[in-house]
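Reviewing the structure listed below.
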Amino acid sequence: MSSLDVNEASVPSPESGSVEPGLGDRLRRRRKALGLTLRDVAESSGLTQGFLSQIERGQANASVKALQSICGVLKLDVGALFRPVDEYGRGRVQRFADAQGFSFGDGATKIKLTPSTFDHLEVLMGLFEPGGSTGVAPYTHGASEEVLLVLAGTVEVTVGHDTYTLGEFDSLHYHSNEPHRVAEATGSAHARVLWTMAPPTY
């Protein structure tokens, strides 16, 4: 049986029109920005290359389940695919007080500053409590070029077998597929860092 269930897609009729305007282009831009082929996405999502190609060209509709599978591979928010284009213009400014962060590691929070419409660049702020870290063990994600800039406080950054102590406005660059770890260094103060990476991996 094909990896694509018949309930996952339907070819649009002239009456129903094609997929959401711009959705296929959006998916294709993101895929190419991540350096992925249709085959890569097909293998990771469980969908067929032919079906994925039809979606990108606006020749097939996809169920929410199929879009969730695709967006999981492309690291996109499904909801962002259906936002009105003019919504992005109105939302250029993100107030820090309104930012949505997520906890990770030990005593650390990440806040994504770039919108989901960005395909080539991602910027995140990291907030560390005294002694907080990204976790006990170093981690990797994707294969992006990454720069860490310290905005406040002092942190220790481990990349591979090397550890660096960075103070305010010091920076460090590495590739995100290198094992790395960040920790507040003093144990008595907060620290704030900025991660910039291309292409996005979150």
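The values are calculated or read from the model by the stated rules, or taken from the named source; none is laboratory data. A quick note: this is a predicted structure, and the numbers were derived from the prediction, not measured. Don't worry about glycine lacking a Cβ; one is built from the backbone with ideal geometry, like all the others, and counts go over all protein chains shown. Ligands, DNA and RNA are excluded from the accessible area calculation, which covers all protein heavy atoms including side chains. Shrake-Rupley method; radii C 1.70, N 1.55, O 1.52, S 1.80 Å.
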Take the residues of region 19-44 that are of a type in the set (Gly, Ala, Ser) and either closer than 10 Å to Ile55 by Cβ or surrounded by 18 or more Cβ atoms within 10 Å (Cβ to Cβ) (or both): which is modelled with the lowest pLDDT? Gly24
Quick check, is Gly135 in a loop (DSSP other than H, G, I, E, B) and surrounded by 15 or more Cβ atoms within 10 Å (Cβ to Cβ)? no
Assigned to a loop (DSSP other than H, G, I, E, B), touching a Lys or Arg at 6+ places or on another chain (Cβ under 8 Å), more than 23 Å from Arg29 (Cα to Cα) and open to solvent by less than 60 Å² (accessible area, probe 1.4 Å): is that true of Gly187 in this structure? no
Tell me whether region 97-111 contains one or more residues that are open to solvent by 40 Å² or more (accessible area, probe 1.4 Å), out of contact with any Gly (no Cβ under 8 Å at 6 or more places or on another chain), modelled with pLDDT under 90 and in a loop (DSSP other than H, G, I, E, B). yes
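Starting from residues that are open to solvent by 30 Å² or more (accessible area, probe 1.4 Å) and part of a loop (DSSP other than H, G, I, E, B), keep the ones in region 112-132 and report whichever is nearest to Phe169 (Cα to Cα).
Leu113
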If Phe118 meets every condition in (1) aromatic (Phe, Trp, Tyr); (2) under 18 Å from the mean Cα position of the chain (by Cα); (3) farther than 24 Å from Gly72 by Cβ apart from one, which number is that one? (3)
Flagged in region 146-177 as on the phi < 0 side of the Ramachandran plot, modelled with pLDDT of 95 or more and loosely packed, with under 14 Cβ neighbours inside 10 Å, in numbering order, are Leu151, His161, Asp162, Thr163, Tyr164, Thr165, Gly167, Glu168, Ser171, His173
